[in-house]
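**Student:** Sending over a structure as structure tokens; questions will come in a sec.
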Amino acid sequence: MTENTVLPLINTAFEPGNARKAAESFADRDFREIAIAEFYYFTGQAQKCSDLVEIYIMSSRLELKLSACMLYVYSNLTLGNAKASERGLEIIRECLRKEMEAPTSERNTAYCVFAGYMGTVLLHLSTEELPDMKKYMSSLPQGLRIFAANVISHDLYLKGEYSRALGICDAALFSCKEIYPVGMIYLYCVTAMCEISLKHQAEAEKAILTAWKLAVKDELIEPFIELHGLLQGLLESCIRKENPEMYRKISDAVITFSRGWMAVHNPASDRPVTDALTTMEFSIAMLACRDWSNREIAEHIGVSLNTVKHYLTDIFNKLHVKKRDELKNFVLK
């Protein structure tokens, strides 16, 4: 059964392979349009998503307005339209400010806090001034609670609290009585991010392959585009050879998404990393500056030791650096 809520497709349980059908199942035309826009976004069709939601970003219905703004922010990152993304973020922040000053309902407050976290954590911006998301989780419907758990665990990952992040991911996944593919894909991706950061390669590969199994029938590739760098070579080691066509689609989109992400996250930066490095080079650079040896990188990515050395030489040349420590100025920002 579908529910008219913020991000209705994320909140809908369905079997993998039925994402479009689920998006089209809403009786209410406006929520159906938002759900279809979600489908476009998660399948890498950013322009269609942005075009569809733009008319809703000033809607009088809070659920539609917040949904549209979140989708507008991220679809325009992929399109390289930083100003459009910033506009969406400002509307979300204004909705949150008004709701905290004069709450209209517990669920509406939870929606606004959820949207605030979505527009902050996933852009690696500070959450210090935001209300505590955990206090509002119980007021969200099940599918959004799963996605909110992903956002909270992602925030903990960014703080280096990998074990706590893994605990939240595990608890959220154990609570799933039905399959909520979008939220679960993200949770398994964050699990993989934490496991690979702990150098638990087998566990990381298991998590990313589980995420991929949930995604592949509907071609829900956007989570892998957004999280490519943080997955630290897992797509290269697990997906590139098995599904080269889908990997190519992800790689093509990673570059434009990264440019848009940097334009919002760090607009003053003149570092050319998002233009200079290929997706493979960026993954190797991430691993190198996290103190992986060349041999460990080679075994993880599935290439020869000499290939890794050649990649690192090219990376250093492109970024005009001489040692690994200097890479942190580019890829860990």
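**Student:** What are the residues in the stretch 110-163 that are in a loop (DSSP other than H, G, I, E, B) and of a type in the set (Lys, Arg), if any?
**Tutor:** Lys159
**Student:** Just checking, how many residues over the stretch 164-192 are surrounded by fewer than 15 Cβ atoms within 10 Å (Cβ to Cβ), outside any helix (DSSP H, G or I) and free of Cβ contacts under 8 Å to residues at least 40 places away in the same chain?
**Tutor:** 2
**Student:** Still on this model: Just give me the residues in the stretch 143-163 being open to solvent by 50 Å² or more (accessible area, probe 1.4 Å) and within 15 Å of Val6 (Cβ to Cβ), in sequence order.
**Tutor:** Arg145
Condition check ((1) assigned to a helix (DSSP H, G or I); (2) small (Gly, Ala, Ser); (3) without any contact (Cβ under 8 Å) to a residue 12 or more places away in the chain) across all residues:
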position	(1), (2), (3)
Ala22	yes, yes, no
Asp30	yes, no, no
Ala37	yes, yes, no
Lys48	yes, no, yes
Glu54	yes, no, no
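**Student:** Give the number of residues within the stretch 51-86 that are over 16 Å from the mean Cα position of the chain (by Cα), of a type outside the set (Ser, Thr, Tyr) and under 14 Å from Ile34 (Cα atoms).
**Tutor:** Adding up the residues that qualify gives 14.
**Student:** Let me ask something additional. Enumerate the pairs (first residue in the stretch 117-137 and within 10 Å of Ile152 (Cα to Cα) and of a type in the set (A, V, I, L, M, F, W, C); second residue anywhere and in a loop (DSSP other than H, G, I, E, B) and open to solvent by less than 10 Å² (accessible area, probe 1.4 Å)) with beta-carbon separation below 9 Å, excluding pairs fewer than 6 apart on the same chain, so at least 6 apart or on different chains.
**Tutor:** If the second residue must be in a loop (DSSP other than H, G, I, E, B) and open to solvent by less than 10 Å² (accessible area, probe 1.4 Å), the pairs left are Met118/Leu7.
**Student:** Residue check: is Glu128 surrounded by fewer than 17 Cβ atoms within 10 Å (Cβ to Cβ), modelled with pLDDT of 95 or more and among the acidic types (Asp, Glu)?
**Tutor:** Answer is no for this residue.
**Student:** Got at least one residue in the stretch 215-225 being charged (D, E, K, R) and within 16 Å of the chain's Cα centre (by Cα)?
**Tutor:** For the stretch 215-225, residues charged (D, E, K, R) and within 16 Å of the chain's Cα centre (by Cα): present.
**Student:** Give just the number: which of (1) crowded, with 16+ Cβ neighbours inside 10 Å; (2) assigned to a loop (DSSP other than H, G, I, E, B); (3) modelled with pLDDT of 95 or more does Glu219 not satisfy?
**Tutor:** Status for Glu219: all satisfied but (1).
**Student:** Right, here's the next one. Can you tell me which residue within the stretch 230-243, out of those that are assigned to a loop (DSSP other than H, G, I, E, B) and farther than 29 Å from Ile36 by Cβ, is nearest to the chain's Cα centre (by Cα)?
**Tutor:** In this case the residue turns out to be Gln232.
**Student:** Looking at Thr109, Thr120, Thr78, can you tell me which residue is at pLDDT 95 or above and among the β-branched types (Val, Ile, Thr)?
**Tutor:** Result of the check over Thr109, Thr120, Thr78: Thr109.
**Student:** Same structure, new question: Tell me which residues, restricted to the stretch 290-329, are part of a loop (DSSP other than H, G, I, E, B), more than 25 Å from Glu242 (Cβ to Cβ) and within 27 Å of the chain's Cα centre (by Cα).
**Tutor:** Passing the criteria: only Asp291.
The values are calculated or read from the model by the stated rules, or taken from the named source; none is laboratory data. Model, not experiment: these values are computed from the prediction. Cβ: placed from backbone, ideal geometry, glycine included. Neighbour counts: every protein chain shown. To get the accessible areas, we keep the full protein, side chains included, count just its heavy atoms, and leave off ligands, DNA and RNA. Shrake-Rupley method; radii C 1.70, N 1.55, O 1.52, S 1.80 Å.
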